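The values are calculated or read from the model by the stated rules, or taken from the named source; none is laboratory data. Quick caveat: nothing in here was measured; it's all calculated off a predicted structure. Neighbour counts run over all protein chains shown; Cβ positions are idealised from the backbone, glycine included. The accessibility values were calculated without ligands, DNA or RNA, using every heavy atom of the protein model including side chains. Shrake-Rupley method; radii C 1.70, N 1.55, O 1.52, S 1.80 Å.
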Amino acid sequence: MQNLLKQQTIASSIEDRLPVTIAAHTRRVYDRLASFYHFSTMFFHSKAHRCALEQSGVCDGMRVLEVATGSGEMFHRLVKANPKGATLGLDLSPNMAARTQHRASKRFPDAFARCQAVDARYLPFRDETFDAVISCYLLELLSQEDIARTLSEIRRVLRPRATVTLVLIGQNTEVFNRLYDLAGSLVPAFWGRQIEEKMTDFLEEQNLRILNDCVVRQTFYPSRVLTARK
Ligand SMILES: C[S@@+](CC[C@H](N)C(=O)[O-])C[C@H]1O[C@@H](n2cnc3c(N)ncnc32)[C@H](O)[C@@H]1O
């Protein structure tokens, strides 16, 4: 009952541009951008990726999952930090997943690193498989119901006391927020909408306890990096 009330509170307090996940559109858009997407990472995401790696506590020998790898820049960092462990990745876009796999196999031929095209809402792994899960800039693209579903899936595949690290688009800059809102209204399948301010509630709802919370800015682009324990 309390959970239901909380869900309703979260739902009613976000003016939602994505009442449903538009996964087919999102897959098409990101599939087309797979060859160029690394520029966006280079200019806007790499600082947050560095911070997420540090915060995640990933170290060699772990079983690590990255959810929504994009073109594989964070995945590259994870495999590098975990050469003797297992690093798995997934992305909705087959082109993004293929690119991530190709780059990892080329750069780290001896590491166990696999990336496949999978929808994050339905993780194809057993309960309690991973020591760490990382996901950067994904949740903005999911409906509120699917954010809860995806976090619940992430929780399910985490080992007891393992952690999830999430990178979100920051909402602490008024002008940026207005521009993002405009971009999101024009191409929702690519931009989604900002949800960072509600993340604490979403995590609490899934019984994930926040350990670290950090804000970074690269160029003009704000990000929030949150690590939570199961
Ligand atoms: C904004 S990009 C972020 C990529 C990468 N994580 C980064 O930090 O640069 C969002 C990614 O999420 C993927 N994505 C969107 N919906 C997804 C879903 N339901 N399951 C898995 N991946 C999804 C897209 O294909 C895209 O590659």
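Here are a few things to note about the model shown:
- Considering THR87, THR69, THR100, the condition of being under 21 Å from THR129 (Cβ atoms), buried (at least 24 other Cβ atoms within 10 Å of the Cβ), away from the ligand (no atom under 13 Å from the Cβ) and of a type outside the set (Asp, Glu) is satisfied by THR87 alone.
- Condition met for ALA52 (outside any loop (DSSP other than H, G, I, E, B), closer than 25 Å to LEU226 by Cα and either open to solvent by 40 Å² or more (accessible area, probe 1.4 Å) or not polar (S, T, N, Q) (or both)): yes
- Of the residues examined, LEU142 is one that is in contact with a Ser or Thr (Cβ under 8 Å, 6 or more places away or on another chain) and within 12 Å of the ligand (Cβ to nearest atom).
- Looking across the range 26-37, the residues that are open to solvent by 50 Å² or more (accessible area, probe 1.4 Å) and within 11 Å of the ligand (Cβ to nearest atom) come down to ARG27, ARG28, ARG32, LEU33.
- Checked against the criteria, GLN194 counts as open to solvent by 20 Å² or more (accessible area, probe 1.4 Å), under 16 Å from the mean Cα position of the chain (by Cα) and farther than 19 Å from SER93 by Cβ.
- Residue within the range 114-124 that is open to solvent by 10 Å² or more (accessible area, probe 1.4 Å), hydroxyl-bearing (Ser, Thr, Tyr) and under 25 Å from GLN218 (Cβ atoms) present: no
- 3 or more residues of a type outside the set (Phe, Trp, Tyr): qualifying helices (runs of 4 or more DSSP H) within the range 102-192: 144-157, 174-186
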